[in-house]
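A.B. asks: First the structure, which I've put down as structure tokens, then a few questions once you've had a look.
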Amino acid sequence: MTVDLNPGQERRVRELIDSGVYKDAQAVVDRASRGQRRREVTRSDFRFWNVPSFSKYTIVYDSESRPWRIVRILHGARDIRRELRRK
């Protein structure tokens with residue numbers, strides 16, 4: 001899995017991993033078609049996976065890229081459309 005993160009994102013991902021998200025992210029890695037597309041949020045072919053062990057977070061990933069990549073890990077209170085427009 002290839003993920004490009006800035007230092008702040010990397011720190012947050014480590015926190016999430018410590019809280020059990022890693023296990024669920026690995027489930028997505030093992031089966032990239034697991035998440036759902038959400039056309040009402042984005043026209044991109046991103047998939048969305050709600051993290052079972054940390055229910056307030058969603059993993060947004062691009063299952064069409066090779067290797068596929070995690071685009072964002074977002075808290076449910078965030079404006080997902082706005083976050084996906086940000087680079």
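Laboratory data are not the source of any read-out in this text; all were calculated from the coordinates shown. Since we're looking at a predicted model, the values are computed, not measured. Cβ coordinates were reconstructed from backbone atoms using ideal geometry, including for glycine residues, and neighbour counts include every protein chain displayed.
A.B. asks: For the stretch 43-77, what are the residues that are loosely packed, with under 13 Cβ neighbours inside 10 Å and among the charged types (D, E, K, R)?
C.D. replies: ARG43, ASP45, LYS56, GLU64, ARG66
A.B. asks: If you go through the stretch 32-85 one residue at a time, how many are β-branched (Val, Ile, Thr) and over 19 Å from ARG14 (Cα atoms)?
C.D. replies: Qualifying residue count for the region: 3.
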